[in-house]
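Peer 1: Sharing a structure, written as C-alpha cells. Questions coming.
The values are calculated or read from the model by the stated rules, or taken from the named source; none is laboratory data. The structure presented is a predicted model; accordingly, all values stated were derived computationally and were not measured. Glycine also receives a Cβ, built like all others from the backbone with ideal geometry; neighbour counts cover every protein chain displayed.
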Amino acid sequence: MAAVTQDTAVSTGRITRTFIYVVLIVFALFYLLPLYVMGVNSVKPLAEITGGNMMALPQTWTIEPWLSAWSTAQIGVEPTGLKPYFLNSLLMVVPAVAISTVVGALNGYVLTKWRFRGDTWVFGLMLFSCFIPFQIVLIPMAVVLGKLGLAGSVPGLVLVHVVYGIGFTTLYYRNYYAAFPTELVRAAMMDGAGFFQIFWRIMLPVSGPITVVSVIWQFTNIWNDFLFGASFGGTSQPMTVALNNLVQSSTGVKEYNVHFAGAILAALPTLFVYIVAGRYFVRGLMAGSVKG
Amino acid sequence: MGFLDIKNVTKSYGPVEVLHRVDIAVQEGEFLVLVGPSGCGKSTLLNMIAGLEGISGGDIAIKGRVINGVHPSKRNIAMVFQSYALYPNMTVGQNITFGLEMHGTPKPERDRALADVAKLLQIDHLLDRKPGQLSGGQRQRVAMGRALVRNPDVFLFDEPLSNLDAKLRVDMRTEIKKLHQKLKTTIVYVTHDQIEAMTLSTRIAVMNKGFVQQLGTPKEIYDTPANLFVATFMGSPAMNIVPATVEMQDGAPHARITDAEGAPRLLRFSQANLAGWAGKDILLGIRPEAITDPEGADRKSSNIQSFANRVTVTEPAGSDTFVTMTISGKDAIARMRADATVAPGEVFDFAINMEKAVAFDPATEERIPA
Ligand SMILES: Nc1ncnc2c1ncn2[C@@H]1O[C@H](COP(=O)(O)OP(=O)(O)OP(=O)(O)O)[C@@H](O)[C@H]1O
Ligand SMILES: [Mg+2]
C-alpha cells in the first residue's frame, strides 16, 4: 500500500520535475543572453560587430577592447580609460559599506537590547528613510555637502551613501537581533561585560549571516549608484558615471566592443561579491524571520 | 536583618503594580524557593535581586548594603537562566571564565578556578566543546559552572530545570541539592513546580498575583497552609477541600459533613479552639494521604476517625492507589497503599487522620488558627 503511493508520487514527480527544469533552463538562457552578447562582442574587432554579426563567436579573438576600456578609452574629454574611476568607486564603496554596516549593527543592537523610551519611533523614522526616493534628497544633500566642504569629493559620496544606507542596515540588524535571546545579554551583563564588550564578544560573533546580507546589499547599491555619483561626484566620479561618459561620448565612431568590455568591468565587482558571499545571502535573509 | 534582605519591595510597570510589598529576609546559607503559578511575579522579583529590573519601591540589601542602584555585575550575584544563556560562539571553558575575564582576573587564576569548577561538576572532558554540541543536562551543568566560578554571595536560579525531561530533572534536582549542602551558598530559586520547591528548599515563599501568600519551611507550608491558595497549590494531588459545619458533641468540636449518599456524618477535630466556630460553616481541608485504609493509617496519630463511604473511581499509580469519593457533594481523593483492595461502587471503610485536618474561614479563605 505504502509502496504503491510512493511509486505514483515519484512518477508524477518526474513529469512535473522535467517540466520545471525545462522552464527554468529556458528562462536562465533568456537572462544569460545579454551577458553572452556582451562577452562575445567584447573580444571581437569592431569591424566584425559593424559587419552585423552580433550573435556569432568572434573570427579573430582580441583583448584590445578590454585594454582600451581599462586604460586608454576617451572618458568625456580625457583618454584615461575607466581605471581611475574604478579606483574612485573602490575608495567610495569600501568605507561606505563598512561604516553603514557597523552603524546599522550598533543601531540594531541598541534598538533591541538597550531599549529606551520612544525607541520604536526612532526605528520607525529610520525605516522611513528607506522609502524616500533619491531624487527628493538631491538638493538638501547638495546644500549639506557644500556646507561641510565635501562637495565633489570621495568622502562626500561616502557620507551620502552612509546616510542613505543606514536605514536599510538598521532594519536588517534590528530584525536579526530581535530574535537573539535577551537572556544572553543579561547573562553577559551579570558577568560584568559592558555595552561594547557585549556587542563585540557576544553579538557580533553570531552576526555573520546578516552581515553578509548587509554587505551585499550595500555594496551593490553603492557600486551601481549613478544619480548620487553624477550629482555629487565632481572630479572624483565613480565607475558608473564614467561608463556612461564612455558610452555617450560623441566623438568618432561608436566602439561597441570597448563599451561592452567597459560595462562588464563595471559589473565585475558586484558579481564577485555575489559569488563569494551569495550562498550566505538567502540564509541571512531568512534568519531574522525563522528561528533556529 | 538577614543576609539578603528584601524590604517592602514593589514593582510597577506603568500604572500596573505586579509585586506588592514583598518582605523576605533570607539568612546566610539558606535555600529560598519562590513558587507560584505563571505570571505571579517570581521572575520579576528574581530579576530585581539580580539588578536586571529596576525597583519601584522598597529596598534590596545584601549583607546590609542596599544594592538598589548597583550594577548587576557589582552585586556579587550569579544567575542561572532558564534557557541557560550560554554564549554560543564560545567554548565551555570560555563560557565559564568569561565573567572572571570581564572582572579582570589574571589568566592563571582563571584557569585554576575553571579546573576546580569543572572537576566539581564533572565537565572536565567538555571544556573545549561549543554549547551547541552539548546535551540538555550538560548545558545545565555548564550554566551552573558559570555561576559557581565567580564564588558569589547569592545564587539566583530561574526555573533551571524546566527545559529538561522528567528523569533528568529529578537527577539534576538531587545534584543541585547536593551542591548546596556542600557549598552552603545562599540560593534564591524560582520554580512553578511545587515538588521542586518542597524537595530543595529550606524555606518556601508561595506567591500569587504579586503577593507573598506564605513564607515558611516546607513542613509549615505543607501542614499549616496560611490560606486556601497555599493549601491547594502545594501538594499533589491537591488537598481536598469540602464544605462543613462545626458542631459540638460531648464538648468537642466536630466537622459535620455528608457522605456519598448525603447522610450526615461527624468527624471530631483535634483543634479544641474550633469550638468558637460552633454552628458556623467552614471549609475542611484534608490531604489525600490523611484518608487511607485503616491498616495504612498513621500509627502515631491520636485522632484517626473511621469513615465509611462509597468509592467512585480507583486509580492505581504503582506505589499508591488513588481513590475518589464524594464528601459533602465534592470529589475527594484518598491516597491508599498499592495493595489495598478497593473496588469502585463499593462502600469502603476509610480512616481519616483528623490530626492533619485544617479548617478555613469560607469568607476570608484564611486558615483558622489552631
Ligand atoms: N515589561 C513588562 N511590562 C508589563 N508587565 C510585565 C512586564 N514584564 C512582566 N510583566 C507582568 O508582570 C507579571 C509577573 O511576571 P513574571 O515574569 O515575574 O511572572 P512569573 O511568575 O515569572 O511567571 P512564569 O512562571 O510564567 O515565568 C506578569 O503578570 C506579567 O504580565
Ligand atoms: Mg518566570
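Peer 1: Just the residues that are buried (at least 16 other Cβ atoms within 10 Å of the Cβ) and of a type in the set (D, E, K, R), please, taken from region B:80-114.
Peer 2: B:E101, B:R110
Peer 1: So, one more: Considering only residues that are in contact (Cβ under 8 Å) with a residue 40 or more places away in the chain and either within 16 Å of ligand 1 (Cβ to nearest atom) or out of contact with any strand residue (DSSP E or B) (no Cβ under 6 Å at 6 or more places or on another chain) (or both), look in region B:154-176 and name the one that is nearest to B:D5 (Cα to Cα).
Peer 2: The selected residue is B:L156.
Peer 1: Working only within region A:81-112, note down all residues that are in a helix (DSSP H, G or I) and over 19 Å from the mean Cα position of the chain (by Cα).
Peer 2: Correct list: A:K83, A:P84, A:L106, A:N107, A:G108, A:Y109, A:V110, A:L111, A:T112.
Peer 1: Given the options A:V137, A:V110, A:V103, name the one that is more than 19 Å from A:L204 (Cα to Cα), of a type in the set (V, I, T) and in the same structural domain as A:S236 (by TED's automatic domain parsing).
Peer 2: Matching residue, one of A:V137, A:V110, A:V103: A:V137.
Peer 1: Hey, another quick one. Given the criteria farther than 23 Å from B:A263 by Cα, among the hydrophobic types (A, V, I, L, M, F, W, C) and part of a strand (DSSP E or B), does B:M336 qualify?
Peer 2: yes
Peer 1: Suppose we filter region A:120-139 for residues that are part of a helix (DSSP H, G or I) and closer than 13 Å to A:L227 by Cα; how many remain?
Peer 2: Residues meeting the conditions: 6.
Peer 1: Give A:I264, A:I275 a once-over and let me know the one that is in contact with a Ser or Thr (Cβ under 8 Å, 6 or more places away or on another chain), surrounded by fewer than 20 Cβ atoms within 10 Å (Cβ to Cβ) and among the hydrophobic types (A, V, I, L, M, F, W, C).
Peer 2: A:I264
Peer 1: Here are B:R141, B:R150, B:R110: which of them is more than 14 Å from every other protein chain (Cβ to nearest Cβ) and among the basic types (K, R)?
Peer 2: One residue alone meets the criteria, B:R141.
Peer 1: Mind telling me which of the residues A:A142, A:A188 ends up being in a helix (DSSP H, G or I), modelled with pLDDT of 90 or more and hydrophobic (A, V, I, L, M, F, W, C)?
Peer 2: A:A188
Peer 1: Consider A:R186 carefully, then state whether it is of a type in the set (D, E, K, R), touching a residue at least 60 places away in the same chain (Cβ under 8 Å) and surrounded by 15 or more Cβ atoms within 10 Å (Cβ to Cβ).
Peer 2: no
Peer 1: Identify all residues within region A:190-208 that are crowded, with 21+ Cβ neighbours inside 10 Å and facing chain B (nearest Cβ under 8 Å); write none if there are none.
Peer 2: Passing the criteria: A:M190, A:D191, A:A193, A:I202.
Peer 1: Which members of region B:51-79 meet the condition of being within 13 Å of ligand 2 (Cβ to nearest atom) and surrounded by 21 or more Cβ atoms within 10 Å (Cβ to Cβ)? Outline the logic, then answer.
Peer 2: Going residue by residue through region B:51-79, those that are within 13 Å of ligand 2 (Cβ to nearest atom) are B:52-53, B:79.
Across region B:51-79, the qualifying residue is only B:M79.
Peer 1: So B:D23 passes all but one of these: (1) away from every other protein chain (no Cβ under 14 Å); (2) within 12 Å of ligand 1 (Cβ to nearest atom); (3) surrounded by fewer than 23 Cβ atoms within 10 Å (Cβ to Cβ). Which condition number does it fail?
Peer 2: Among (1) away from every other protein chain (no Cβ under 14 Å); (2) within 12 Å of ligand 1 (Cβ to nearest atom); (3) surrounded by fewer than 23 Cβ atoms within 10 Å (Cβ to Cβ), B:D23 violates only (2).
Peer 1: Please verify whether region B:131-144 includes one or more residues that are surrounded by 14 or more Cβ atoms within 10 Å (Cβ to Cβ) and within 16 Å of ligand 1 (Cβ to nearest atom).
Peer 2: Scanning region B:131-144 turns up no residue that is surrounded by 14 or more Cβ atoms within 10 Å (Cβ to Cβ) and within 16 Å of ligand 1 (Cβ to nearest atom).
Peer 1: I would also like to ask the following. Could you tell me which residue of region A:207-236 is farthest from A:L138 (Cα to Cα), considering only residues that are of a type in the set (S, T, Y), assigned to a helix (DSSP H, G or I) and out of contact with any Phe, Trp or Tyr (no Cβ under 7 Å at 6 or more places or on another chain)?
Peer 2: Across region A:207-236, the extreme among qualifying residues is A:T211.
Peer 1: While we're looking at this one, here's another question. So in region B:51-106, with the set limited to residues that are within 19 Å of B:I24 (Cα to Cα), within 14 Å of another protein chain (Cβ to nearest Cβ) and among the charged types (D, E, K, R), which one is farthest from the chain's Cα centre (by Cα)?
Peer 2: B:R75
Peer 1: A further question follows. Given (1) closer than 30 Å to B:P160 by Cβ; (2) among the aromatic types (F, W, Y); (3) at pLDDT 90 or above, identify the lone condition not met by A:F180.
Peer 2: For A:F180, the failing item is (3).
Peer 1: Another question, if that's okay. Tell me which strands (runs of 3 or more DSSP E) are completely within region B:197-298 and hold 2 or more residues being closer than 30 Å to B:E17 by Cα and in contact with a helix residue (DSSP H, G or I) (Cβ under 6 Å, 6 or more places away or on another chain), or say none if there are none. Reasoning before the result, please.
Peer 2: On the way: elements: B:203-208, B:211-216, B:240-249, B:252-258, B:264-268, B:281-286.
By residue number, B:203-208, B:211-216.
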